[in-house]
1. How large is the convex hull of the Cα atoms of the stretch A:263-317 per residue, expressed in Å³ as a whole number?
2. From the backbone phi of the stretch A:138-155, what are the Karplus-calculated ³J(HN,Hα) couplings (6.51 cos²θ - 1.76 cosθ + 1.60, θ = phi - 60°) in whole Hz, Gly and Pro given as x?
3. Read phi for every residue in the stretch B:14-19 and hand back ³J(HN,Hα) as whole Hz from Karplus 6.51 cos²θ - 1.76 cosθ + 1.60, θ = phi - 60°, with x for Gly and Pro.
4. Taking 0.36 nm per intervening residue step and subtracting the Cα-Cα distance, what contour gain separates B:Val14 from B:Phe57 on full extension?
5. For A:Lys252, go through the lysines and keep the ones whose alpha-carbon is under 28 Å away, minus same-chain ones fewer than eight residues off.
6. Work out Dmax and Rg for the stretch B:8-62 from the C-alpha atoms and quote the Rg first, both in angstrom.
7. Cα atoms only, the stretch A:212-301: Rg and Dmax in Å?
8. Heavy-atom accessible area of A:Cys101 with all protein chains present, probe 1.4 Å, nearest 10 Å²?
Amino acid sequence: MASYGKLREDHLLEPATGKAFPVKKGEVYRIVTEEGGQCVDCQIYNLFDYREHMSTSIMRRQGFHLEKGDFVISASPRNRLMMQFLDKQDSNIIDVLVHRCSAAYFEAGWDMVSHTNCQDMLAEAIGEYGLTPDDTHAVLCPWTNTKFDNNGKFYLGNNRKVKKGDHLDILALMDVLVATNVCGTNDFTSLGDYWQRPMRLQIFEASAETEDLVEKVFQRYPPLKTSRTPKDFHVTRGEDADFVLKQTPGYKPQFNDYPIEITEMEIELSEEDYEQVKKQIALGIRSDDEDAVRTAVIEWYCANRRIHHPMVNYMGY
Amino acid sequence: MADTKEQPTADKKVKIKVRFTHQQMVLLERLKQEGKFGQSYEELIPAVFREYVKQTFGLGGL
Ligand SMILES: [Zn+2]
């Protein structure tokens, strides 16, 4: 593995929050599981022209799940390689299939008008760079174990094989803005094992080795002559300078449902019921007593009380 | 003659501490209002756990 430059950014990403950082060509953006696996969502923009941004629909040409060596690619008509996945563990499923959760998702599925959600968190994160909620785009979702059947219907798996300290490293092939948040669904789906945990975002400076990796990518895949930019358009809107991303000094995000409040209660199970808890733990499908009880209760609710709606109409919970 | 019948003893219980997010508590509160599984969290959580085991692993559980 290439050695990276100095760690220049180290940010604890609390549940119900998101954060955007500029990442320069040759630098490595790392996401670390601070406690364990769960879904996170990312958006990626050209730092000097936010009209150019990642497109998961074009990235799906590499597969619904991306691997080491695959690329973050910008939407048509730009169609440029923006970043490359350098390192990850096998248990980390990088999904480009699902759509980010939003306030409307929780209203449609659970009749809740207040629940932390990716759309609002990402909007607050990119707001620091002058972008509005309408500037969000389809997300890249590391640690998002989607599965699909032969009819193309998808459902959610879990992240129970993910370990504390697992990480995803993404090499910047151009100057970008990357926004990441802890997915709002983690306490309502198997992706977070029905719990919300913090993650960590780190940025490593470019090194001679990472610069060499960038060089090698473009030797193999030289920039395409037909990647179009506004200088090629006969209809344009605004001045190029309007689309450069600049940090707003003193910006304060306004995250809803932050911080996540926790209620602890003591319950009593009969010996017979507790046997079921022990068996689930022994099988490795639950990590401890608390996980077994909480997962059972919330998963039961989602299976039996979730509202059928096209906004949340995937199989499983 | 001495009564040899065993005196019934209260079922032994196992205490478990469980944390929920405030967003999950909204769901639990709805189940409490529904009343089907009990009037308190202490009642309804074990009852829903049993329902889940039945639904997921079958009547006899695992
Ligand atoms: Zn989400």
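The values are calculated or read from the model by the stated rules, or taken from the named source; none is laboratory data. Note that the structure is predicted; figures quoted are calculated from it, not measured. Don't worry about glycine lacking a Cβ; one is built from the backbone with ideal geometry, like all the others, and counts go over all protein chains shown. These accessible areas exclude ligands, DNA and RNA; they are computed on the full protein's heavy atoms, side chains included. Shrake-Rupley method; radii C 1.70, N 1.55, O 1.52, S 1.80 Å.
1. Values: hull volume 6.2 nm³, N = 55.
Looking at the stretch A:263-317, the number lands at 113 Å³ per residue.
2. These are the phi-based 3J(HN,Hα) values: 4, 9, 9, 10, x, 6, 10, 7, 7, 10, 9, 8, 5, 8, x, 7, 10, 8 Hz.
3. With the stated coefficients, the stretch B:14-19 comes to 10, 8, 10, 8, 10, 9 Hz.
4. Working: separation 43, 0.36 × 43 = 15.48 nm, distance 2.13 nm.
Here the answer is 13.4 nm.
5. A:Lys6, A:Lys19, A:Lys24, A:Lys25
6. Rg, Dmax (Cα atoms, Å): 13.0, 41.
7. When restricted to Cα atoms, the stretch A:212-301 yields Rg and Dmax of 27.7, 75 Å.
8. Taking all protein chains as shown, A:Cys101 has close to 10 Å².
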